[in-house]
Amino acid sequence: MTTPTVRLLEAQVADAGRFRQALTPAEKARAGRYRQAADRDRSTVSSGLLRQAAGGGVGRFCRRCGKLGDHGQPVPLDGDGRRVAGMSLSAAHSDRAVLVAACSHALVGIDLEALALAKGWSGADREAFDQVALSDHERESLAVLSTECADGARLRAWVRKEAVLKATGLGLAVPPRGLEFSDAAPDAGAAGAVLRSWPAELDPFCSGPVAVVDFAPRAPGYVAAVAVLGASRCAIVPEAVSDPIPLASNPIPLPLEAL
Ligand SMILES: CC(C)(COP(=O)(O)OP(=O)(O)OC[C@H]1O[C@@H](n2cnc3c(N)ncnc32)[C@H](O)[C@@H]1OP(=O)(O)O)[C@@H](O)C(=O)NCCC(=O)NCCS
């Protein structure tokens, strides 16, 4: 298989004003479900980046419900509201940064976390995080690290897991502690991490190769990862963010009561 290209779009929550005027009614409604202004801005920027990545309308597909609707993985739509085959999208936001990934002919997932998230953690917070997120082996490997290094390792493990789970479309409905990685050899020329075990429900997605690549977003102070299913490596290509092109309306109306 040729190496898939992942187009990467990055913007700051502070850029929300640039995207707000071009939101469709459905995108406005999506942002409006949040009570905090910062969360509304995050959603606004995410919608703007997704629209650029898709080159048109964006819907949501829930793999659990098996329906195109108002929740789940973002998917590109044609003008009639039908899913565009082939292209996969993923979005992530944390603190002030928003990332969107797009990949043709392979399922992609992306995640990022602000390193500052761990600054306020107590021992009990770390214990609770580890129980949800880490396998026994991963927990043992943290024991030899300083608190700061262990927190960095926790967040790196988390973004890798969430990137894979978003690529599958199942998200955190699958317990993340069931995924484990080993670091790829630095000279392997392959992805940054190798997925070496996963819960059985991920077999349909993860039995072939899975490229998991750590990368540093342009904004300092974050860890991030991209996952591509069915590929052993991928090329991440940053794309300039352009001003949004207004769409008259979203191709499918989102049912507001379900937001
Ligand atoms: C996807 C998920 C991991 C996101 O976690 P988070 O830390 O809150 O948020 P992040 O910033 O990392 O990611 C948010 C993005 O994830 C994407 N997303 C939501 N659900 C998704 C899914 N099932 N698969 C892939 N991506 C998903 C969205 O694009 C969202 O951004 P947007 O609202 O701006 O479009 C989490 O919300 C989740 O697991 N949801 C699915 C749970 C589920 O399946 N429930 C059953 C429903 S019937």
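Please determine, by comparing only the residues of the range 49-88 that are within 10 Å of the ligand (Cβ to nearest atom) and in a helix (DSSP H, G or I), which one is surrounded by the most Cβ atoms within 10 Å (Cβ to Cβ). Looking at the filtered set, the residue picked out is 49.
On inspection, residue 10 does not qualify as within 14 Å of the ligand (Cβ to nearest atom), of a type in the set (Asp, Glu), part of a helix (DSSP H, G or I) and in contact with a strand residue (DSSP E or B) (Cβ under 9 Å, 6 or more places away or on another chain). Looking across the range 134-185, the residues that are surrounded by 19 or more Cβ atoms within 10 Å (Cβ to Cβ) and among the basic types (Lys, Arg) come down to 154, 156, 160, 161, 166.
Taking residue 46, is it part of a helix (DSSP H, G or I), within 19 Å of the chain's Cα centre (by Cα) and of a type outside the set (Lys, Arg)?
Working: part of a helix (DSSP H, G or I): yes; within 19 Å of the chain's Cα centre (by Cα): yes; of a type outside the set (Lys, Arg): yes.
Yes; evaluated as a whole, the condition is true for this residue.
Looking at 136, 111, 78, 70, which one is in contact with a Ser or Thr (Cβ under 9 Å, 6 or more places away or on another chain) and acidic (Asp, Glu)?
Numbers: 136 fails: in contact with a Ser or Thr (Cβ under 9 Å, 6 or more places away or on another chain); 78 fails: in contact with a Ser or Thr (Cβ under 9 Å, 6 or more places away or on another chain); 70 fails: in contact with a Ser or Thr (Cβ under 9 Å, 6 or more places away or on another chain).
Exactly one of 136, 111, 78, 70 is in contact with a Ser or Thr (Cβ under 9 Å, 6 or more places away or on another chain) and acidic (Asp, Glu), namely 111.
Within the range 233-259, residues that are more than 14 Å from residue 30 (Cβ to Cβ) have Cβ atoms under 8 Å from residues that are modelled with pLDDT under 80 in these pairs: 233/189; 233/190; 233/191; 234/191, counting only partners at least 6 apart in sequence or on another chain.
Across the range 1-55, the qualifying residues are those that are without any contact (Cβ under 8 Å) to a residue 60 or more places away in the chain and of a type in the set (Ser, Thr, Tyr), and the one among them that is farthest from residue 101 (Cα to Cα) is 34. Listed by position, the strands (runs of 3 or more DSSP E) contained in the range 143-245 that have at least 3 residues being within 16 Å of the ligand (Cβ to nearest atom) are 210-215, 222-229.
Among the conditions (1) farther than 18 Å from residue 110 by Cα; (2) at pLDDT below 90, the only one that residue 192 does not satisfy is (1). Here residue 91 fits the description: within 12 Å of the ligand (Cβ to nearest atom) and in a strand (DSSP E or B).
The values are calculated or read from the model by the stated rules, or taken from the named source; none is laboratory data. Because the structure is predicted, anything quoted here is derived from the model rather than measured. Every residue, glycine as well, gets a Cβ built from its backbone with ideal geometry; the counts of neighbours run over all protein chains shown.
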